[in-house]
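Please treat every number below as a calculation from the coordinates, not as lab data. Keep in mind that this is a model prediction, so the values were computed, not measured. Backbone-built Cβ (ideal geometry, glycine too); neighbour counts: all protein chains shown.
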Amino acid sequence: MRYFPLFVDLKDRAVVVVGGGAIAERKVALLAPSGARLTVVAPELSAGLAALRAAGRLVHTARAFAADDLDGARLVIAATGDRAVNGAVAAAAEARGILANVVDDLELSDAILPAIVDRSPLVVAISTQGTAPALARRLRAEVEVLLDGALGRIARFAAAWRARIKAKVPDLAARRRAYDWLADGPPGELVRRAQEPAAARCVAEALASSGPAPWDSARAGSVALVGAGPGDPGLVTLAGLRALQGADVVLYDRLVSPEVLALARREALRIAVGKQGGGHSVAQAAIHDLMVEHARAGRRVVRLKGGDPMIFGRGGEELEHLRRAGVAYEVVPGVTAALACAAYAGIPLTHREHSASVRFVTAHCRESVDATDWQALAAGRETLAVYMGVATLPLLRRELLRHGRRADTPVALVENGSRAEQRVVVGTLEELESLAHAHAVRAPALLIVGDVAALAATLHWFGAAPIAGAAIATRTAA
């Protein structure tokens, strides 16, 4: 290990950057949060560095480098692109016992700058000792995903309680369990939800209690309702990924793709609880019972739903049941089908020239269709995004036409949106039923009704080109 990893306090310390171009600007941006007193030595400055000088964030020495520029400095970075100048900087630093980093020159450097993941006060530095900086950046991106964005707040919260925990819990092993409970148990969950006062009360009550310490008790279970998105695993949020990787049990719907399910912790128990018309289904009451059963057994449960759990996903019903059962829960939003399918088909749901609003509608059964306000849906130019409507397409077409929607209104059917097998069929409302039949459109598919649907014919970018009905094909050719 040629380079010893070390965190250095640079607050109010003199740091010199030699060079005024784009590379120097990146190094200054990296150093700025440290609170160092920055001096940039260069005849001229880039626009970004000039803006920082104008804001009082750095001092500019507007000339070529001289050795005495390093007097009193704690660290110097040479970023001129001129090896002779960089060598002079390194020699001057060596003579003064100052650490020097020469950008992209290991031979002249005795310090290197790592790739940084900042969750202050938690900071992770990644280095390949200067041999493969691109690999360090790649690893940083992977670590960024793994580390909860709330870890910094949790670390600050833990620091505020450190002295009291140490005084109350003298045994080192028990103290470690206490800190684990603070980070992973109820206090940490409250901090993640931006409820620090409640987290403080939780810790205070635990320290004041004369009974068994909560960190020595069995872990309380919880449920996370997580949106899986439409199928592309790249659309799962970072919070959703963290929940999956920490899950003991995953209750997943039929529309969750295998690629998304594969993101769950390998040891997690996976239970299919999907619903399918005419096929195997798990009753909603049974899903409620499974969530509560596993949570009460101390397990971390992820209820994984296609799209977003709070849009036509019965998320509200499940939260109500969990609340009645006294089970802790959280919700991790997902990318709902209307947004994802439209985007992957090249369809803007709103457009200044075509539609100023969008309405989400479900039409998966006769009851939902009967409860629909067709007059409102048929009026105006708003975009309609219809979920679970494949089985009721004839009725949808008939009612929209009967209540005044134009027969030539463009429509798009997006089947398996965002997945490799995505298909898009574009036509008019008049053609809707015949196009769906001719191309054997199957669920999962989203129906988009409105002028914006026609844009799929020209703006598509993902998967196979859209299949266009006669009217849209003629319009596009024109």
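Helical content alone sets the calculated 222 nm signal of the chain at -11000 deg cm²/dmol, taking -39,500 (n - 2.57) per DSSP H segment of four or more residues and averaging over every residue.
Translational diffusion coefficient of segment 111-243 at 20 °C, 1.002 mPa s, Stokes-Einstein with Kirkwood Rh over Cα pairs, in µm²/s as a whole number. Let's see the in-between values first.
Numbers: Rh = 17.2 Å.
Once the numbers are plugged in, D ends up at 125 µm²/s.
Our Cα-only numbers for segment 151-210 put the radius of gyration and Dmax at 10.6, 31 Å. Along the axis of the charge dipole computed for the chain (Cβ charges of +1 for Lys and Arg, -1 for Asp and Glu, origin at the Cα centre), the listed residues ALA204, ALA95, LEU396 are led at the positive end by ALA204.
The HN-Hα couplings worked out from phi for segment 16-31 by the Karplus form 6.51 cos²θ - 1.76 cosθ + 1.60 (θ = phi - 60°) are 10, 10, 9, x, x, x, 5, 5, 4, 4, 5, 5, 5, 4, 5, 7 Hz, whole numbers, x standing for Gly and Pro. Average 1/r across all pairs of distinct alpha carbons in segment 243-389, invert it, and you get the Kirkwood radius: 17.2 Å.
Amide H to amide H distances under 5 Å link SER109 with VAL102, where only residues 5 or more positions off or on other chains count and H is placed in the peptide plane.
Straight-line reach from LYS275: taking Cα to Cα under 16 Å and skipping same-chain neighbours fewer than 8 places apart, the lysines in range are LYS305.
Please report the projected area of segment 71-128's Cα convex hull averaged over all directions, in nm². Don't skip to the end; give the middle numbers.
Working: hull surface 19.2 nm².
If I average the Cα hull's projected area over directions, I get 4.8 nm².
In terms of packing, defined here as the mean over residues of other Cβ atoms within 10 angstrom, the peptides 145-156, 238-249 line up highest first as 238-249, 145-156. In plain terms, if you count all Cα to Cα distances in segment 14-113 and split them into 10 Å steps from zero, the share in each step is 18, 56, 25, 1 percent. Normalise the Debye intensity by I(0) for segment 237-330, one equal point scatterer per Cα, no solvent, then take log10 at q = 0.10 Å⁻¹ and round to two decimals. Each listed q maps to, in turn, -0.24.
Each Cα pair under 8 Å and six or more residues apart adds its sequence gap; the mean of these over the residue count of segment 338-477 is a relative contact order of 31 percent.
Summarising the strand pairing of the chain, around 35 percent of its internal DSSP beta bridges are antiparallel. Please find the FRET efficiency linking PHE4 to ARG162, where r is the Cβ-Cβ separation and R0 is fixed at 25 Å, and quote it to the nearest 0.05. After rounding, the FRET efficiency stands at 0.40.
Straight-line reach from LYS27: taking Cα to Cα under 29 Å and skipping same-chain neighbours fewer than 8 places apart, the lysines in range are LYS11.
The amide H of ALA468, built 1.01 Å from its N in the peptide plane, has VAL426 as neighbours under 5 Å, considering only residues 5 or more places off or on other chains.
Dividing the Cα convex hull volume of segment 124-165 by residue count, how many Å³ per residue is that?
Dividing the Cα hull volume of segment 124-165 by its residues yields 80 Å³.
Rounded to the nearest 10 degrees, the inclination of helix 172-184 to the longest alpha-carbon principal axis of the chain is 50 degrees.
Would you mind calculating the relative contact order of the chain from Cα pairs under 8 angstrom and at least 6 residues apart, reporting the percent as a whole number? Once divided by the residue count of the chain, the mean separation gives 9 percent.
Note on segment 413-462 and segment 242-268: Cα centroid distance 29 Å, given to the nearest whole angstrom.
Scan segment 312-350 for GluC sites (Glu not before Pro) in coil per DSSP, keeping those whose Cβ has at most 13 other Cβ atoms within 10 Å, and list them by number. Those that pass, being in a loop and sparsely packed, number zero.
Charge tally for SER355 (other residues, Cβ to Cβ under 14 Å; Lys, Arg +1; Asp, Glu -1): +2. Summarising the amide proton neighbourhood of VAL17: residues at separation of 5 or more, or on other chains, whose placed amide H is nearer than 5 Å comprise THR39, VAL40, VAL41, ILE77.
Whole-Å semi-axes of segment 308-449's equivalent ellipsoid, largest first, each the root of 5 times a Cα gyration tensor eigenvalue?
Working: eigenvalues 154, 62, 48 Å².
So the three semi-axes of segment 308-449 are 28, 18, 15 Å.
Taking only the C-alpha atoms of segment 171-317, the Rg (one decimal) and the largest Cα-Cα distance, Dmax (whole number), read 17.4, 60 Å. A simple spin-label model places pseudo-atoms 7 Å from Cα toward Cβ; at ARG138 and ALA464 they are separated by 3.4 nm.
Between the alpha-carbon centers of segment 367-411 and segment 194-211, tell me the distance in whole angstrom. Taking the Cα centre of segment 194-211 as reference, the centre of segment 367-411 is 53 Å away.
Could you state, as a whole-number percent, how many of the C-alpha pairs of the chain are farther apart than 42 Å? Across the chain, Cα pairs with separations above 42 Å total 42 percent.
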